[in-house]
Each structure stands twice: as C-alpha cells, then as structure tokens.
Amino acid sequence: KNAVLDEKITEGKVKEFRGIGLPQVKAQAGITDNVIKQKFIFDSKTFSLPLFSDAYGALAQLDPNFGKKLANYNDSLNALPKSNDINPTEVGTRYNTSLGFTASWLVADATYFLGLKAQKELQSLMKYNTIRSKNDIAEQVSKAYYNVLISRKRLALLIANTNRLEQLKNETEAYYKQGFVEQIDVKRLQVTYNNLLTEQQKVTELVLLTDALLKFQIGYDVNAPISLVDTLNQSDLQNTVLNTAPFRPESRIEYQLLSKQKTLNQLNLKRYQLGTLPNLVAIGNYNTQHSSDKFEWYNKLNKFYNSAFIGLQLNFTIFDGLQNKYRKSYTRLEIQKNENDLFNLKNALSLDLLSSNIALKNSLLAIKSQSENLELATDVVRISKIKYQQGVGSSLEVLNAETSLKDAQTNYFSALYDAYIAKVNYEKAMGTLVK
C-alpha cells in the first residue's frame, strides 16, 4: 500500500514540476503608514530654494488648486535658515496603498525540458519499486503461509500419535491389572505419553505463533481469527517445472530498478551539461498606487496612479565558482558505480538462480526420502503394536517404534518446509513469484 502511495506521490510531484513551465501569475496588495516620514537632506548653498519656488509657481499657473499649497510651501522655505547648514525636509505622504499583478512565463529553458523527461523516468522507477514491493510481500506471505500449513499438519499428526499412545497406555494398564505385563511397562508408556502431551502443547502454541506471523505479513489483525483453505500437496512440489531456457537477469525487477537509476544519473549529467545555456523568461507587471496624508482610499486630488511594463529576461551564468564542473565530475563517477553495480548484480542474480535451482532439486530428493521413511516408521509402529497385543512383542519395542515414528515425522516436516521455501526462492529467482 505504501509503495502504491509513493507512486501516486511521485505522480503529483511530476505534475508540480510540469507547472514550472506554465505561466505564473501573482498578486500583491499592501498599505503602509509612514508614521515618521522620510526626510530629504540637502545643503542650502548647493540647492537654490528660489528655484524650487519658481517650479511650484509654474505648477500653480497650470492648476490654481495648488495656490494655497504653494503659499504654505513658500512660507516654510522662507523660514529655513539661509546658510550653509544642512536642511532636512520631509518628503512623501503618510499613507500609501498599492495593488499589483506580476506575471512570468518560462519561454525557453533546456534543463526544464530535460527535467520533464527525467520526471517520466522517475515515474517508471516508482512503478518498478511497487513491483519489487509486491515480490517481497509475496515471498514473505508465501513462506508464512506454508509455515502455518506445515505446523497445523504436524500438530494433527502429533495429536494422532498422542491418542494412539494413550490407547496403548490404557490397554497396558488393563493388562497390568490382569497380571499379563509388568508395572515397568506401564511406567514407560506413561513417561512417553507425558512427553508427547508436553510436545503437543508446545506445537499448539507454535501454531498460534505461525498464524499470528501470517496475519502480520498480510496486514491483518493478529488477534482476529483466520481460516486457510489450501492444504499441503506434494504433487505441487513434484510438478515444479525447473527452467531450462537461458536466464536473462534483465528480466528481474532488481536489475530493472538499477538500470533505471543509471538512466536518471545519465539525465542528471546531461542537465549539468546544459546548465550553462541561458534561459528566456517573459515578464509583465501592472501596479496601481494611491498616496495621501489622510487615511482614505480616494478623493478628487489623490487618486490611484497606474503603471505597467512587459519584457523579456535572459538569464545566464558567467561564472559559478566551478560548481557545475564538479557536479558533472562526480555524476560521471556515479554512473560508473551504476555500471559496476549492474555487472555485480547480474552475476549475483545468476548465482541466486543456480543456488535456488540446486536447493530445490535437493529438497525434492530429501522430501521423497523422508516420505518413504515416514511410511516405513508408520508401518513399524503398526506391526510392533500388533505383536505387543498378541503377546509376542514388548512394550519397549512399541516405544522404540513410536520414537522412531516421531523422529521420522519431524524429519519429514522439516524437509517439507525446506522444499516449500526452496520453491518460493526458486520462483523469486526466476521472476515468476508474482504473476
């Protein structure tokens, strides 16, 4: 589930990156209160005050409304000392309100278009990662599933052994009461029976643990009940087809993942190689502003003043402190590492297939041998019990046969588990575990 979510997250990031090449529009609005106005400082000897006065006089002729302001300003000018002193004068208005829009569009950028290709490769990488996660989960769940089946089968046979020995113990106790056997025969059977009960309890707890492990591997509530519908079938193992065709490591998801990583590093190197090329951005701006000494949005004299511009901006790097040079240098080394890793992985996958193939063959031979031993041990128990019941055998012979049967069962289930694990490992090595 997390691998699928990672895939969707990457898809979102790809779309986010794609948005870099689309027009960008931003708006900004603000209001400022110049509590203390900025002061313009000048030398009264350098700047001619009558010159400023004449300028305001010209403005007053153009607009009679400036007459009163002009008179007040002249009064303030006349009040200034006529010397070489530095004279500060407040400039601007107290309140400034502005509203503006800025737009930009990446017209041409080689690294951006290369980045779009890299983003597609990254999406493929995440899809491969999802497939690998499915393979890993399938391997873990398969092994846990077979472990549950084998543990339950082992418990069922152990219960049958316990019941059979309990019946024999009861019969021996009856024989003892009638004087046909000695007390030591009863005690031997009692000890073996007690040991079987203890082992049965241990295996019962083991079954609960294997059930919990399986539920954990499939993301199921470990305290909730679960039912398994499959049964162990040796024909599934015997019918496992061993591959005789030439093995292609490139078909394994691990190899595909590493190859995709190499492709991304190659694109990264190309990005650094194109990094010195300039990019072209179209820009535009529209702004409107209102200034007043009173907190107001609009009046006849203080209205909003508009401004706008459009243009093209060419950006390029002249010198970056050799950063790009070293980026290209270590990226080439990373690509060499990818090539070494691919070569090593190719050998490792071939070795994995070879070892899993041999392990599966050996496990099939072992399970065949242990299956025959189990049949023989079962038959020995049956015969020894018949002899004991007919008085021509001893209880010690029966106990030895039971012990041999228990050992044969343990060896059989161990071989059975190894065979199923070898089967899962072989299918994973072949890349056929997940259809």
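Kindly establish whether GLN123 is open to solvent by 70 Å² or more (accessible area, probe 1.4 Å), of a type in the set (S, T, N, Q) and under 45 Å from the mean Cα position of the chain (by Cα). Walk me through it before giving the result.
Numbers: open to solvent by 70 Å² or more (accessible area, probe 1.4 Å): no; of a type in the set (S, T, N, Q): yes; under 45 Å from the mean Cα position of the chain (by Cα): yes.
In short, no.
Checking the stated criteria, LEU168 turns out to be at pLDDT below 90, among the aliphatic types (A, V, I, L, M) and surrounded by 14 or more Cβ atoms within 10 Å (Cβ to Cβ). Checked across region 92-106, the condition of being of a type in the set (Gly, Ala, Ser), assigned to a loop (DSSP other than H, G, I, E, B), at pLDDT 70 or above and open to solvent by 40 Å² or more (accessible area, probe 1.4 Å) holds for at least one residue.
Evaluated against (1) over 17 Å from LEU165 (Cα atoms); (2) open to solvent by 70 Å² or more (accessible area, probe 1.4 Å), ASP407 falls short on exactly one condition, (1). I'd like to know if region 383-393 contains one or more residues that are within 30 Å of ARG252 (Cβ to Cβ) and either in contact with a strand residue (DSSP E or B) (Cβ under 8 Å, 6 or more places away or on another chain) or at pLDDT 90 or above (or both). The answer is no, given that none of the residues of region 383-393 is within 30 Å of ARG252 (Cβ to Cβ) and either in contact with a strand residue (DSSP E or B) (Cβ under 8 Å, 6 or more places away or on another chain) or at pLDDT 90 or above (or both). Scan region 127-163 for residues that are under 27 Å from TYR412 (Cα atoms), open to solvent by less than 70 Å² (accessible area, probe 1.4 Å) and without any contact (Cβ under 8 Å) to a residue 12 or more places away in the chain and the total you get is 2. On the basis of being open to solvent by 50 Å² or more (accessible area, probe 1.4 Å), modelled with pLDDT of 90 or more and not acidic (Asp, Glu), does GLN289 make the cut? No. Look at region 93-122: where a residue is closer than 24 Å to LEU264 by Cβ and a partner is open to solvent by 30 Å² or more (accessible area, probe 1.4 Å) and of a type in the set (Phe, Trp, Tyr), sitting 6+ places away or on another chain with Cβ atoms under 6 Å, you get GLN119/PHE17.
Could you please let me know if ALA138 is in a helix (DSSP H, G or I) and farther than 30 Å from GLU11 by Cβ?
no
Among residues of region 252-281 being open to solvent by 50 Å² or more (accessible area, probe 1.4 Å) and in contact with a Phe, Trp or Tyr (Cβ under 6 Å, 6 or more places away or on another chain), the one that is farthest from LEU349 (Cα to Cα) is PRO278. Restricting attention to region 107-120, the residues being of a type in the set (Phe, Trp, Tyr) and exposed (fewer than 15 other Cβ atoms within 10 Å of the Cβ) number 1. All conditions in (1) surrounded by 12 or more Cβ atoms within 10 Å (Cβ to Cβ); (2) assigned to a helix (DSSP H, G or I) hold for LEU333, with the sole exception of (1).
The values are calculated or read from the model by the stated rules, or taken from the named source; none is laboratory data. What you see is a predicted model; the values in this text were computed from it and never measured. In this analysis, Cβ positions are derived from the backbone assuming ideal geometry, glycine residues included, and neighbour counts consider all displayed protein chains. For the accessible areas, the whole protein counts, side chains as well, though only heavy atoms, and no ligand, DNA or RNA atoms are used. Shrake-Rupley method; radii C 1.70, N 1.55, O 1.52, S 1.80 Å.
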